[in-house]
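Input: a single structure, listed below in structure tokens.
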Amino acid sequence: MKLCWFHLMPYTQLPEDFREKHNSVWVDIDRKLFDPAIAHTLYNEFMDELEYAAEVGFDAICVNEHHSNGYGMMPSPNLIAATLARRTSDAAICVMGNSLALYNPPTRVAEEMAMLDCISGGRLIAGFPVGTPMDTCFAYSQNPSLLRDRYYEAHDLVIEAWTKPEPFSFNGRYNQMRYVNVWPQPIQKPHPPIWIPGGGSVETWQWCAKMDYVYAYLSYFGYQMGRDTMRGFWTEMDRLGKDRNPYRAGFLQFVGIADSKEEALRLYKEPAEYFFGRCLHVDPRYGNPPGYVTEATIRAKAVSQIGSASSRAARSAVTWDEIIDKGYVIVGTADEVADKLREVALDLNVGHFMLLLQYGNMRKDLAMHNTKLFAERVAPQIRGLFDDQWEDRWWPKPLPKPSRAVPGTGLREAAE
């Protein structure tokens, strides 16, 4: 079992009446609500939290890409990942990820991720999301019916840029390049492990099977709602003749830990209600533009997390009782959380847990406390799951530590 500390970097100062007075947290959010001085503090606190997660032993620290919203203030996860690559030494750096269809040309992704792999010494996990409709179709004005085709072509260009030994030309429908000759190249060969963040589409399951990539289900609404999606994923893997190696999959779960269940319910109520009430207040018009969801996914009746979020935005905010009862957030003592996460991992057959231990308007001290309790009391109880049965073939293979260059020394000295 791999344990990955995931950060969304939400804006924590949205007003209490945000739902009543503002249309959406995404796309057309009022820019007057953003205070750069507050963001300065938040960005630095969020990076402190990520670095702390690496320090206390999480297997990976994860960042992601979103645009025009107060739900996640990372339009460029590569910027954050670069600071983390320099300030950490052991944890994998999971960029979850770069929305490939938004880059023109996509070789920019190949270049920047190769830089990250070199800076980190081969610790990069490369995430390639198709992207939410809010980010891609509205914030970046992409045609939803062409988005997936653009994505596939951009993916092919990035992989060829990483793996072809000589300069080459690329002539696609959306990208025509006379010279593709990406410097630098990633340390990991043939390329860093690739994870595909998904929200429940059948095509993403099939794509992961075809390419032998990890399917990372970024569930907003916990393990109960995620169960049908993950069972659909494994059914599709069975149909395509793939093994049930749990490391083929990742799953995102919100968690809150305290010394007692009562204390956990008290501590995490406000940040959870802030997240589900304000951070997911998405105008339904932006959640499902025509052409974004394909016919195959509609026929399969797959549940879209984006659609779920935007449909909930149309009614009253999710209550704390609903958040707990439906498992959106797992709260309790360390033993209670460990027991539930073990149950979830086995039920969903998931070998990569992405944990949201900071969410909503959670203060830095509480996020650190939650992270510390997880690392010290929960992680030892679940980390050994699956390791005696399966190999994780989708994890970084970094350089040996002695061969990494040390500031102030020559490369030859550092390698000796």
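The values are calculated or read from the model by the stated rules, or taken from the named source; none is laboratory data. Just so it is clear, the structure is predicted and the values come from calculations on it, not from any experiment. When we count neighbours, we look across all protein chains shown, and the Cβ atoms used for this are built from the backbone with ideal geometry, even at glycine.
Of the residues in segment 3-15, at least one is without any contact (Cβ under 8 Å) to a residue 60 or more places away in the chain and farther than 30 Å from residue 247 by Cβ. Out of the residues in segment 222-245 that are at negative phi and either part of a loop (DSSP other than H, G, I, E, B) or of a type in the set (Gly, Ala, Ser) (or both), state the one that is nearest to the chain's Cα centre (by Cα). Step by step, filter segment 222-245, then rank; the result is 226. Of all residues in segment 119-128, none are buried (at least 24 other Cβ atoms within 10 Å of the Cβ), aliphatic (A, V, I, L, M) and modelled with pLDDT under 95.
Mind listing whichever residues of segment 61-103 are touching a His at 6+ places or on another chain (Cβ under 9 Å) and among the acidic types (Asp, Glu)? Residues satisfying the conditions do not exist here. Listed by position, the strands (runs of 3 or more DSSP E) contained in segment 108-221 that have at least 2 residues being touching a Pro at 6+ places or on another chain (Cβ under 7 Å) and farther than 30 Å from residue 28 by Cβ are 124-127, 176-180. Among the residues of segment 194-214, the ones that are under 17 Å from residue 244 (Cβ atoms), among the aromatic types (Phe, Trp, Tyr) and either modelled with pLDDT under 90 or buried (at least 21 other Cβ atoms within 10 Å of the Cβ) (or both) come to 1 in all.
With respect to the conditions (1) farther than 18 Å from residue 267 by Cβ; (2) at pLDDT 95 or above, residue 363 falls short on a single one, namely (1).
Here segment 1-24 is the region considered, the condition is being in a loop (DSSP other than H, G, I, E, B) and touching a helix residue (DSSP H, G or I) at 6+ places or on another chain (Cβ under 6 Å), and the residue that is nearest to residue 197 (Cα to Cα) is 7. Flag not set for residue 241, criterion: among the small types (Gly, Ala, Ser) and in contact (Cβ under 8 Å) with a residue 24 or more places away in the chain. Filtering segment 30-85 to residues that are free of Cβ contacts under 8 Å to residues at least 60 places away in the same chain, of a type in the set (A, V, I, L, M, F, W, C), out of contact with any Leu (no Cβ under 9 Å at 6 or more places or on another chain) and not in a helix (DSSP H, G or I) leaves only 34.
Here's the yes/no breakdown for (1) in contact with a Pro (Cβ under 9 Å, 6 or more places away or on another chain); (2) closer than 16 Å to residue 203 by Cα; (3) at pLDDT 95 or above:
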residue: 225; (1), (2), (3): no, no, no
residue: 239; (1), (2), (3): no, yes, no
residue: 255; (1), (2), (3): no, no, yes
residue: 263; (1), (2), (3): no, no, yes
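The condition (being under 29 Å from residue 368 (Cβ atoms), in contact (Cβ under 8 Å) with a residue 40 or more places away in the chain and of a type outside the set (Asp, Glu)) is satisfied by just one residue among 286, 292, 213, 223: 223.
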